[in-house]
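Readers should treat all values here as calculations from the given coordinates under stated rules, not as data from a laboratory. This is a predicted model, so every value here is computed, not measured. Here the Cβ is made from the backbone with ideal geometry for all residues, glycine too, and neighbour counts use every protein chain on show.
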Amino acid sequence: MKYRFTATRTFWRSFGKLSPEQQERARKTFAIFKENPFDARLRSHKIHKLSARYGRIIYAAEIEANLRVIFYIDGNLVVTVDIGSHDIYRAER
């Protein structure tokens, strides 16, 4: 499937708070992500607690050891919701 991508304001605010090294790593990983958000290298998986909170299936993809991007899919649109450490799984939105 060919996906379209968009990001929330929350994602961009969190991205801006990352270190320059993390931002660069995220940019490189997004090249893979944009080809296939479920590429095995990203270890994409469902986040059940956030899915219940959002009322839709929320996924996380691994950028590096403690850096994740959370996203959902609506048809062919991939919406990146946030980026950060595992703490984003527990953050109130």
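General remarks:
- Computed from phi, the 3J(HN,Hα) profile of region 15-29 under the Karplus parametrisation 6.51, -1.76, 1.60 (θ = phi - 60°) reads 4, x, 8, 6, 5, x, 5, 5, 4, 5, 4, 5, 4, 5, 5 Hz, with x in place of Gly and Pro.
- In loop segments of the chain as defined by DSSP, the GluC sites (Glu not before Pro) with at most 12 further C-beta atoms inside 10 Å of their C-beta are GLU92.
- In sequence order, region 31-39 has phi-based couplings of 4, 6, 4, 6, 6, 6, x, 10, 4 Hz under the Karplus curve 6.51 cos²θ - 1.76 cosθ + 1.60, θ = phi - 60°, and Gly or Pro positions carry x.
- ³J(HN,Hα) computed for each position of region 46-52 - Karplus, 6.51 cos²θ - 1.76 cosθ + 1.60, integer Hz, glycine/proline x: 6, 10, 5, 5, 5, 4, 5
- Taking each residue as 0.36 nm, the span from ASP74 to GLN23 lengthens on full extension beyond its C-alpha to C-alpha distance by 15.8 nm.
- Point-to-point label distance, ARG53-LYS34, nm (Cα→Cβ direction, 7 Å offset): 2.9 nm
- Relative to the globular-protein estimate of 2.2 N^0.38 Å, the Cα radius of gyration of the chain stands at 0.99.
- Mean separation of Cα contacts under 8 Å (6+ apart) over length of the chain, as relative contact order %: 33 percent
- Distant-in-sequence amide H partners of ILE63 (H built 1.01 Å from N, under 5 Å): ARG68, VAL69
- Each label was represented as a point 7 Å from its Cα along the Cα-to-Cβ direction; for TRP12 and ASN66 these points are 2.8 nm apart.
- Distant-in-sequence amide H partners of PHE5 (H built 1.01 Å from N, under 5 Å): VAL78
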